[in-house]
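Enquirer: Have a look at the structure that comes next, please.
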Amino acid sequence: MDYRCPLCARELGGRKLAHAIVARMDLDCRHCGARIRLNLHPLEMAVVLFGVAAFVAAAALAYRLQNQALLLAVIAITMAGAAAMYLLERTWLRDWPRYASAPLRTGAGP
């Protein structure tokens, strides 16, 4: 992924998601101070949602059946989801900009 600020073009690769205001996915560029937001790709969201849904379904089934083999499958599903995100980021989303300019907020309110 391209981890540069969309405004000053400085590298923000070490930026942590924990610094973001998660409700809006906004954060400030540490170089220029501009408000930027995370630019999530639809495929990225689909992989994450599918991975979480598969994890929850398999974990619920493993708990219901008290099956240790299914519990190992839950761990494998979790690892496969993490590997899929890593491969997706390194191949398909290689040039995708991670950050975009945040819209200007006008007026009072949340």
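The values are calculated or read from the model by the stated rules, or taken from the named source; none is laboratory data. Predicted model only: the values in this text are computed from it and were never measured. Backbone-built Cβ (ideal geometry, glycine too); neighbour counts: all protein chains shown. We work out accessible area using only protein heavy atoms, side chains counted, and drop any ligands, DNA or RNA first. Shrake-Rupley method; radii C 1.70, N 1.55, O 1.52, S 1.80 Å.
Enquirer: Which residue, of Ala53, Ala80, is exposed (fewer than 15 other Cβ atoms within 10 Å of the Cβ) and in contact with a Gly (Cβ under 8 Å, 6 or more places away or on another chain)?
Expert: Step by step, each of Ala53, Ala80 is checked, and only Ala80 is exposed (fewer than 15 other Cβ atoms within 10 Å of the Cβ) and in contact with a Gly (Cβ under 8 Å, 6 or more places away or on another chain).
Enquirer: Now for a separate question. Scan the range 62-74 and tell me whether some residue there is outside any helix (DSSP H, G or I), open to solvent by 40 Å² or more (accessible area, probe 1.4 Å) and within 28 Å of Arg4 (Cα to Cα).
Expert: no
Enquirer: Sticking with this structure for a sec: Restricting to the range 75-106, count the residues that are basic (Lys, Arg), under 20 Å from Leu43 (Cα atoms) and either in contact with a Phe, Trp or Tyr (Cβ under 7 Å, 6 or more places away or on another chain) or part of a loop (DSSP other than H, G, I, E, B) (or both).
Expert: The total comes to 2.
Enquirer: Residue under question is Tyr99, and the condition is that it be touching a Gly at 6+ places or on another chain (Cβ under 6 Å) and either of a type outside the set (S, T, N, Q) or modelled with pLDDT under 85 (or both); does it hold?
Expert: no
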